[in-house]
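In what follows, a structure is listed as structure tokens, so that the remarks can point back to it.
Rule-based calculations on the coordinates, nothing more; no lab input. Please read these numbers as outputs of a predicted model, since none were measured by experiment. Positions of Cβ are backbone-derived with ideal geometry, glycine not excepted, and every protein chain shown enters the neighbour counts.
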Amino acid sequence: MATDRSELTSYGWRQLRARTLAASDICIVCGHGGSDTVDHIHPVSKGGARLDPDNVAPIHGVAGCPTCLRKCNSEKGDKPLADVVQLATSVDWFAGP
Ligand SMILES: [Zn+2]
Ligand SMILES: [Zn+2]
């Protein structure tokens, strides 16, 4: 079980990332386009499948979102997607128009 880091840069992972971004660049956290990386919907550290296309989705990386300027990937961090999106939704909801 010492493969944790090296698998993140493995051929399979890079392939999956490229394929995911080719299919869509809509960020799973903020919903805007222009994602430049991908992330696991269910974190691998929490038992998510590392190389399952259904568990990988586009997200804004270190550069952040060009539309809303959120740092989606660092916001998400190691949390399950549902936590982050619920959080963002409730903030928007209470902030109002
Ligand atoms: Zn985003
Ligand atoms: Zn955005």
Legend entry - Pairwise label distance in nanometres, D78 with A63, each label 7 Å out on the Cα-Cβ vector: 2.8 nm
Inset, instruction - Sort all Cα-Cα distances of the range 6-95 into consecutive 5 angstrom bins from zero, then give the percent of pairs in each bin up to the one containing the longest distance. - result: 3, 15, 24, 26, 19, 8, 3, 1, 0
Legend entry - Amide H contacts under 5 Å for T37, placed H, 5+ residues apart: I59, G61
Legend entry - Over 14 Å [Cα-Cα, the range 19-71], rounded percent: 47 percent
Legend entry - Under the Karplus curve 6.51 cos²θ - 1.76 cosθ + 1.60, θ = phi - 60°, whole-Hz ³J(HN,Hα) for the range 43-56, x wherever Gly or Pro sits: x, 4, 5, 9, x, x, 7, 6, 10, 8, x, 6, 9, 10
